[in-house]
Every structure is written in C-alpha cells, then in structure tokens.
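Accompanying notes for the structure given below.
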Amino acid sequence: MSTPVAPRRSGRTRVWLLVIIIASITGSLIAGWVFYVGTFTSDRFGQLPPGAAFRNNNGFSIRVLRLTARPSIPGTIEPDPAPPGAVFVVADLEVTAPDPLPAEGGCSMELVGRGGRTWESSFQSLPDIPSGCSDLLPGETGAAAVVYTVPAAELGSIYGLGFENFDGSRDMVIRP
C-alpha cells in the first residue's frame, strides 16, 4: 500500500498566495495608520455654541450654566482651600437623565483648555449639590456641580467641558 500524497501546488499558486497575504497585511497596516492619523493628529475637540446642551454616549443631556473660579470650596466643617498655585473651577450644570437610565455609566467629563490640555474632576464636591448624573431619576432634569483643580496660570485658557467619544469622532466641548 502506498501512502496518500497531498497534491503539490504549482509555483504560480504559491506566488499568488504570497501576494494575497502581503496585500492583506499591507492593507491592514494602511487602514490602521489612516485611523490613527485621523484620530490623533487632527484637532481632537469640536466647540459647540455657547449654552448648547450635549447628549453624551449614555444619553444624558448636559448643559453648562456657568464656570466659576474659587480659591476655596465649602467643606463639611470649614472651607477647603485650593492647593498652592491652583484654584478650583466649579462647573454648574443642568442635567437631564435619559428614560430609561443606562445600565452602567453616567456623565464623565473633563475641563478642556488651550492646546487640548485637560483636567479630570477632583474628588471635592459642593454640599447639597450632586456631583454627577447618578442621582437622577429617568427623564428627570436636575442641577449638578463638578469641581476641577486647575493651575491659576491656566485660568484664562479654559474652553469648557469636554466629552469623550469612543468611536473615533471628535470630542465635543460645551461652555456657558
């Protein structure tokens, strides 16, 4: 009995397979590069008109009422001063919750300044004012205040609040 032998591919078939593999890898690298360049080298933020509301990825509609710089914020016993060389920027917001509420997530946003510089919200909060969207009932509109710690020298270069889009599109910035 003889053992079965797999048919041999001709030299021309091997060349075409190699060409298809190389073209697929090259096409994937080019597509990845185009996405990277479009996402990370163009202006990342788009500015909405003053007072405009923005609906984030979780369906919350958020509008900035005012941005206020403060040297301190009210604490539980006495005022909490800002760190040396910094100020607190308080964003007073009007938030409308979607109906139904999303299973997870809320409204995370960052303070955006000149040159794409951003600041995450600090862990301070104002008494009797929610610091996010999680306290709202479905369809309810309410007030919220988010506190940011910003270097005092950067105070004049703040553009507004930025919302990150995770789909590669520009992040939107809202302002009062």
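The values are calculated or read from the model by the stated rules, or taken from the named source; none is laboratory data. None of the values given here were measured: they were computed from a predicted structure. Note: ideal-geometry Cβ built from the backbone for every residue, glycine included; neighbour counts use all protein chains shown.
Being in the same structural domain as residue 62 (by TED's automatic domain parsing) and either touching a strand residue (DSSP E or B) at 6+ places or on another chain (Cβ under 7 Å) or within 19 Å of residue 68 (Cβ to Cβ) (or both) is true for just one of 137, 126. Which residue is that?
Just a single option satisfies the conditions, and that option is 126.
For segment 73-91, does any single residue satisfy the condition of being surrounded by fewer than 18 Cβ atoms within 10 Å (Cβ to Cβ), of a type in the set (Asp, Glu), part of a loop (DSSP other than H, G, I, E, B) and assigned by TED's automatic domain parsing to the domain that holds residue 154?
So far as segment 73-91 goes, yes, one or more of its residues are surrounded by fewer than 18 Cβ atoms within 10 Å (Cβ to Cβ), of a type in the set (Asp, Glu), part of a loop (DSSP other than H, G, I, E, B) and assigned by TED's automatic domain parsing to the domain that holds residue 154.
Checking residue 131 against (1) touching a residue at least 60 places away in the same chain (Cβ under 8 Å); (2) part of a loop (DSSP other than H, G, I, E, B), which single condition isn't satisfied?
(1)
Conditions first: (1) surrounded by 10 or more Cβ atoms within 10 Å (Cβ to Cβ); (2) under 22 Å from residue 116 (Cα atoms); (3) modelled with pLDDT of 80 or more; (4) out of contact with any Pro (no Cβ under 8 Å at 6 or more places or on another chain). Residue 57 passes all but one, so which condition is the exception?
It is condition (3) that residue 57 fails.
If the requirement is being surrounded by 10 or more Cβ atoms within 10 Å (Cβ to Cβ), hydroxyl-bearing (Ser, Thr, Tyr), at pLDDT below 75 and part of a helix (DSSP H, G or I), which of these qualifies: 13, 26, 39?
Being surrounded by 10 or more Cβ atoms within 10 Å (Cβ to Cβ), hydroxyl-bearing (Ser, Thr, Tyr), at pLDDT below 75 and part of a helix (DSSP H, G or I) holds for just one of 13, 26, 39, which is 39.
Residues in segment 110-118: is at least one modelled with pLDDT of 80 or more and β-branched (Val, Ile, Thr)?
Within segment 110-118, one or more residues are modelled with pLDDT of 80 or more and β-branched (Val, Ile, Thr).
Hey, any hits in segment 97-109 for a residue that's touching a residue at least 60 places away in the same chain (Cβ under 8 Å) and either of a type in the set (A, V, I, L, M) or in the same structural domain as residue 131 (by TED's automatic domain parsing) (or both)?
no
For residue 90, which of the numbered conditions (1) modelled with pLDDT of 90 or more; (2) under 18 Å from the mean Cα position of the chain (by Cα) fails to hold?
Looking at each condition in turn, residue 90 falls short on (2).
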